[in-house]
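The values are calculated or read from the model by the stated rules, or taken from the named source; none is laboratory data. Just so it is clear, the model here is predicted, and its values are computed rather than measured. Because the Cβ atoms are built from the backbone with ideal geometry, glycine has one as well, and the counts that use them run over all protein chains shown.
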Amino acid sequence: MRRFVRLIDPYLVLLLATVGLAAALPARSTAADAVDATATGAIALLFFLYGARLSTAEALAGLRHWRLHLTILGCTFLLYPLLGLACRGLVPWLVTEELYTGLLFLCVVPSTVQSAIALTSVARGNVAAAIAAGSSSSLAGVVLTPLLAALLIGASGGFGGESLLKIALQLLLPFLAGQVLRRWIGGFVVRHRAVLGLVDRGSILIVVYAAFSQGMNEDIWGRVSWQRLLALAAVAAVLLAVVLLLTGYGTRKLGFARADRTAILFAGSTKSLAAGLPMAGVIFGERAALAVLPLMLFHQMQLITGAVLARRLGGPAQAEAADEDGAEDADGAADGAAAGAAAEDDGSSSR
C-alpha cells in the first residue's frame, strides 16, 4: 500500500483539487473573464519558458542516432494517432463523442521528458538517447500537435481558423521568442529552475481552473456518467498496453540493442501532461475540460506502469550493463524516480 501511495503523483492530486474547486466555486461573469485573461497570459508564459529551456542543439544532436529517434517520433506522432483513429468504433456505445475527442487529443500530445529519462535510467537503458528524444519530441510537438489535432479532430472538434490563430499567438510566438532569447536568458532559467518550476505548475493550475470553470458553466458533468468515465479509463489502459507491447516487440524485430529498446519503450509510450494541458486550453477553449480528462487519467497510469516496468527491466540489465553500449547506472528505487520525475514533468515542459 505504501509503495502504491508513493506512485501517486502529488501534482495530479493538486490538479484534481483544482477541478474540485472549479466544481464547487466556478468563476462566473466578470470573474470568469478575469480568469480567462489570466489563463491566456499563463499559457503564453508557459511556452515562453518552454522555449527558453529547450535546447535545440540537444535535440539536433540526437539526429546522429536517427533510427532510434525516428522510431520514438513515429510512436509518438504516428502510432498513437493511428490507434486513436482505430478507437473511433467505440463511439457512442462505450465513450461519448466528447470523450473520444479528448482521447484523440491525448494521442497527438508529445512525449514526456523527465519521466522518460528517469524511467530509462532506472531500467538501465540509453539515458542519453532518452534526453535527446525528449527534447526532439517536445520541439516537434509545438508544431505537430496542433497540426495533427487540426487534421484528426478538425471542425467536428471545434477546431477552425480561429483556433489556428490562437495557437500561433499563444503557443508558437512565445515559444519562438523563448528560443531566440535563450542565448541571453538560458543561464538565468537554469539557475532559477526551482522557482520557475513553481511558476509553471501554478500557471497550469490556473489553466485547469479556467477550463473546468467554463465546463461547469456549460454543465459538462451532466453529460458524462461515471460508467462512461470507467469505460474511458479502461480504454486508456488498453491503449497504453498496446503501445508498450508494440514498442517492445517492434524494437526487437528492428534489431535495436537492449539499452536503446528501453529508451524507445519509455520515451515512445509516455505523454506529457505539462505540454498537453495548456495546448488543450488553446485548442478547445471552453470545451477543454472534457478534452483533458483522458490525458489526466493516462498520465497516472503511465507513471505506475512505467515504474513497475523500469524496476523489472533494471534487475536483469545489471548483468548485461557491461556489454551494453549506452547503458547507464541508476541509483534509487523505481518508485521514487518515477514520482520525482512526475513532479518535474508537471512543473516543466522541457528539460
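Take the residues of the range 8-61 that are under 27 Å from residue 302 (Cα atoms) and of a type in the set (D, E, K, R): which is farthest from the chain's Cα centre (by Cα)?
58
For the range 115-126, enumerate the residues that are in a helix (DSSP H, G or I) and either surrounded by fewer than 24 Cβ atoms within 10 Å (Cβ to Cβ) or among the charged types (D, E, K, R) (or both).
Scanning the range 115-126 gives no hits.
Going through the range 249-266 one residue at a time, which ones are among the aliphatic types (A, V, I, L, M) and either more than 17 Å from residue 74 (Cα to Cα) or without any contact (Cβ under 8 Å) to a residue 24 or more places away in the chain (or both)?
Correct list: 257, 259.
Does at least one position in the range 225-248 carry a residue that is in a helix (DSSP H, G or I), closer than 20 Å to residue 82 by Cβ, β-branched (Val, Ile, Thr) and free of Cβ contacts under 8 Å to residues at least 24 places away in the same chain?
Checked the range 225-248: at least one residue is in a helix (DSSP H, G or I), closer than 20 Å to residue 82 by Cβ, β-branched (Val, Ile, Thr) and free of Cβ contacts under 8 Å to residues at least 24 places away in the same chain.
Got a sec? Which of 54, 63, 90, 139 is hydrophobic (A, V, I, L, M, F, W, C) and modelled with pLDDT of 90 or more?
Answer to the selection: 90.
Being closer than 16 Å to residue 277 by Cα, at pLDDT 90 or above and not aliphatic (A, V, I, L, M): is that true of residue 178 here?
Spelling it out, it is not the case that residue 178 is closer than 16 Å to residue 277 by Cα, at pLDDT 90 or above and not aliphatic (A, V, I, L, M).
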